[in-house]
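Asks: Handing you a structure now.
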Amino acid sequence: MSMMGHRVKVLPWSTFRMNLSCTSPYNADFDGDEMNLHVPQSMETRAEVENIHITPRQIITPQANKPVMGIVQDTLTAVRKMTKRDVFLTKEQVMNLLMFLPTWDGKIPQPCILKPQPLWTGKQIFTLIIPGNVNMVRTHSTHPDEEDDGPYHLISPGDTKVIVEHGELLMGILCKKSLG
């Protein structure tokens, strides 16, 4: 996993930059580590890098059969904020977010609030990126254990129980524990 393929965009200065999620396979801890950059020299090696070594194909480590890259920092904060109960998005905001979703089928879900203006929850929009065959019940990292007992174990006053049924995020605030 110490050798991976990345697409290059030439920028000024003499350093190279990469997404923070991609640094864990290199064991990069930002204490002055040195990295080497190799450019494929033939069409055969370029095809090999594009089909075998490219980063999206290297997410699962063969050593432990688990993800070696995960959600970090800004993305994790954005997902947490977007799935809180008090997040409502206007049609303009929803359209701006859906513009970046390559699997979007062109249909906007029914807004949860119709008047005085249509508003969507962050959970509704986040649901659009979850595959339809996903079912999950997890707890948030701040979930109190005493909420799991009693007849109302599926109700979470603090929205700390995450429930996804058939690809729809029904309740819960997503965190590192629930996203992996």
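Asks: Pairs under 9 Å by beta carbon, first residue aromatic (F, W, Y) in the range 80-93, partner outside any loop (DSSP other than H, G, I, E, B) and surrounded by fewer than 16 Cβ atoms within 10 Å (Cβ to Cβ), six or more apart or different chains?
Replies: Short answer, once both residue conditions are applied: F88/I113.
Asks: Pull out all pairs, ordered by first then second residue, where Cβ-Cβ is under 7 Å, the residues are six or more apart or on different chains, the first lies in the range 103-114 and is over 17 Å from G167 (Cβ atoms), and the second is among the β-branched types (V, I, T).
Replies: C112/T121
Asks: Related question: Just the residues that are touching a strand residue (DSSP E or B) at 6+ places or on another chain (Cβ under 8 Å), surrounded by 14 or more Cβ atoms within 10 Å (Cβ to Cβ) and over 18 Å from I113 (Cα atoms), please, taken from the range 59-99.
Replies: Across the range 59-99, the qualifying residues are I59, T61, V68, L97.
Asks: Let me ask something else. Looking only at the range 20-53, count how many residues are farther than 23 Å from A64 by Cα and surrounded by 11 or more Cβ atoms within 10 Å (Cβ to Cβ).
Replies: So the count comes out to 7.
Coordinate-derived values only; no laboratory data. Owing to the predicted nature of the structure, the values given are computational and were not obtained by experimental measurement. Every residue, glycine among them, receives a Cβ derived from its backbone with ideal geometry; neighbour counts consider all protein chains shown.
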